[in-house]
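Q: Attaching a single structure in structure tokens format; questions to follow.
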Amino acid sequence: MGENRIFVIGFLGSDRKGAAQKLAAEKGFQYLDLDQEIEKEDGRSILRICMMMGEHEYRNKEYEMLVKLQEKENIVVSCGDAVMLDDMSLDILKKNRVILADWELTPEKLWERAKKEKGLPYAFMNEADEKIKKEKFITLYDQRRHLYEQFL
């Protein structure tokens, strides 16, 4: 397992970026954000990539960036949890160290944090009815829970 490449993954509302930055500082590693690296290379925002090319193209770009990051050492990379949805990306993650940010928090606590965030790319976050929005959030969490469990 690649101990010199660490991927910090978290669900909506987790502090994956803060956890990754703290870990990078403690280890003396470089901190990277997967989405920011994709945006730098592509020249477009993640939202723009998804709007123009679709989520599938975005997932392809995630995989391509993960391949490039395999050439680097002493890095801590912050990633959204959907990176685990792609089997090829998941294979790369499994060859490295993965830390789950705020895994111990309940979906309700993550919801309280996530609903304060701006610019989340999920359409349900624009839903006017808070109850429906929360139900969709928790459903998504439940659908992805098994992805996290393989890294426990």
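Q: Which entries of LYS61/LYS134; LYS109/LYS131; LYS61/LYS94; LYS109/LYS134; LYS68/LYS136 show an alpha-carbon separation above 22 angstrom in the structure shown?
A: Flagged as over cut-off: LYS61/LYS134; LYS68/LYS136.
Q: Would you mind computing, in nm to one decimal, how far apart the modelled labels at LYS109 and ARG145 are, each placed 7 Å from Cα along Cα→Cβ?
A: In this crude label model, LYS109 to ARG145 measures out at 1.6 nm.
Q: Identify all aspartates and glutamates with a Cα-Cα distance to LYS40 below 15 Å; exclude those on the same chain that are fewer than 8 residues away in sequence.
A: Filter leaves GLU62, GLU64.
Q: Quick one: how many Å² of GLU135 are accessible to a 1.4 Å probe, rounded to 10?
A: 100
Q: Given [x] 11.5; [y] 12.3; [z] 8.8 as candidate values of mean projected area of the Cα convex hull in nm², which corresponds to the one derived from the coordinates?
A: Computed from the coordinates, mean projected area of the Cα convex hull in nm² corresponds to [z].
Q: Further question on the same structure: Scan around ASP33 for amide H atoms under 5 Å from its own, H built in the peptide plane at 1.01 Å from N, and keep only partners 5 or more places away or cross-chain.
A: For ASP33, the qualifying residues are SER78.
Q: About the Cα centre, and with charges only on the beta carbon of Lys, Arg (+1) and Asp, Glu (-1), how big is the dipole of the chain? Nearest 20 debye, please. Don't jump to the answer; show the numbers that get you there.
A: Working: 26 positive and 30 negative charges, 59 e Å.
Using Cβ point charges on Lys, Arg, Asp and Glu, the chain gives about 280 debye.
Q: Among LEU152, ILE46, GLY13, whose Cα sits farthest toward the positive end of the charge dipole of the chain (+1 at Cβ of Lys/Arg, -1 at Cβ of Asp/Glu, about the Cα centre)?
A: GLY13
Q: For segment 76-130, with the dipole built from +1 on Lys and Arg beta-carbon atoms and -1 on Asp and Glu ones, taken about the Cα centre, which of LEU110, ASN96, ASN126 lies farthest toward the positive end?
A: Farthest towards the positive end: ASN96.
Q: Could you pull out every residue, at least 5 positions away or on a different chain, whose amide H is within less than 5 Å of the one on GLY10? Hs are placed 1.01 Å off N in the peptide plane, and Pro or chain starts have none.
A: Counting only residues 5 or more places away or on other chains, the set is CYS79, ASP81, ALA101.
The values are calculated or read from the model by the stated rules, or taken from the named source; none is laboratory data. No experiment lies behind these values; they were computed from the predicted model shown. Because the Cβ atoms are built from the backbone with ideal geometry, glycine has one as well, and the counts that use them run over all protein chains shown. Side chains included, ligands, DNA and RNA excluded: accessible areas come from the protein's heavy atoms. Shrake-Rupley method; radii C 1.70, N 1.55, O 1.52, S 1.80 Å.
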